[in-house]
């Protein structure tokens with residue numbers, strides 16, 4: 001009994017000290033945490049300050065809806081001095097006890113914790129998303145490429161083309177020597193898999209090994225580039241980016257007939273279509289003057305969106321889902337960046353705003369999604385007849401046109417024959433004989449009236 005009674009007091013003290021330590025650590029950690037403008041500060045400004053301090057007629061000339069406007073300040077001075085909350089006029093106004101000076105003017109004073117967030121944010125340098133955007137704009141991916149000078153190397157004899165010079169310069173910088181040249185067997189296997197996705201046949205290997213000409217490798221590359229398998233090999237990664245599929249997705253996952261777009265990509269690569277043309281025709285081929293069938297097929301890029309055919313689908317909801325998919329895919333493929341973050345807020349790391357996201361989306365919102373008589377979605381379709389079907393169609397259209405013209409052409413002979421026939425019928429009179437009953441008889445006591 002005595003032993004058990006010794007431990008409770010020290011244990012209670014230890015528990016109390018541990019709790020106090022955790023509480024102090026929590027406060028220190030909280031004070032050291034970074035205040036984020038978008039999640040912590042902007043909501044305060046939006047709810048309490050934007051009514052007066054934004055737009056062309058901002059009160060006292062102070063714009064709190066932009067970084068530049070906030071740092072310049074208004075007629076009373078600088079509202080925000082990054083890194084120095086004591087000299088920031090906004091804190092003076094928020095903490096004033098004079099109702100004619102305190103902000104929000106005529107409104108409820110801000111809660112102490114909100115004022116504390118603003119103070120902490122200013123002391124941390126008042127970082128705005130624009131700071132990150134300006135930094136992102138300086139990223140190499142947003143800088144116009146400039147052709148660099150070909151580096152000088154020690155082993156110039158090893159260099160066969162400008163790319164070799166860059167490779168060798170990197171090796172020499174690290175005091176490394178190039179690997180020995182690969183054997184012809186290795187070369188043909190590598191380049192065949194790279195360009196066509198297929199290993200070389202035994203006949204192709206033998207042909208390359210026996211070709212002792214100085215440009216044997218160049219001839220091999222030209223042959224592989226001319227192969228139809230080249231387009232098939234390199235269309236695959238592009239079709240993945242374009243989210244190509246032979247079915248619509250979702251629960252029904254019905255088949256879709258969009259293989260013509262797949263073949264268009266393969267053909268474009270095999271024909272070495274310039275990339276600017278490759279881009280224009282996929283994004284807006286149908287908008288080109290006198291768009292060809294091929295150019296309209298190219299816009300299948302935008303029709304690879306998953307398509308919901310289930311019952312009870314909310315038309316407006318999925319209309320926006322399709323738009324968002326097209327915006328995000330187009331930006332990822334051609335801009336090499338993700339705009340998806342800007343759907344809900346200004347991008348945290350890239351120089352894109354939420355407003356710019358929906359400006360971009362507006363381009364796609366001009367397209368009719370298509371609907372049936374019940375208001376449901378229907379896929380956009382264009383007729384793609386075969387060459388034989390097109391010949392037959394034109395022949396039938398010519399026959400129909402000829403018959404329509406014949407129907408519209410007056411025929412006096414036929415009209416005259418019609419009149420003569422009508423007169424002969426009238427003159428012949430009624431050829432029908434009317435039967436008149438001679439007598440009537442009823443049975444079973446029926447009385448005839």
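Scanning segment 206-242 for residues that are in a loop (DSSP other than H, G, I, E, B) and surrounded by 15 or more Cβ atoms within 10 Å (Cβ to Cβ) yields 227, 242. For residue 247, the conditions (1) surrounded by 13 or more Cβ atoms within 10 Å (Cβ to Cβ); (2) closer than 30 Å to residue 182 by Cα all hold with the exception of (2).
One line per residue, one yes/no per condition, for (1) over 22 Å from residue 263 (Cα atoms); (2) within 24 Å of the chain's Cα centre (by Cα); (3) at pLDDT 95 or above:
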position	(1), (2), (3)
191	yes, no, yes
198	no, no, yes
208	yes, no, yes
217	yes, no, yes
220	yes, no, yes
229	no, no, yes
237	no, yes, yes
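The one condition from (1) surrounded by fewer than 10 Cβ atoms within 10 Å (Cβ to Cβ); (2) in contact (Cβ under 8 Å) with a residue 12 or more places away in the chain; (3) under 30 Å from residue 227 (Cα atoms) that residue 154 does not meet is (3). The single condition among (1) farther than 22 Å from residue 239 by Cα; (2) part of a helix (DSSP H, G or I) that residue 346 does not satisfy is (2).
The values are calculated or read from the model by the stated rules, or taken from the named source; none is laboratory data. Remember, it's a predicted structure, so these values are computed and weren't measured experimentally. Backbone-built Cβ (ideal geometry, glycine too); neighbour counts: all protein chains shown.
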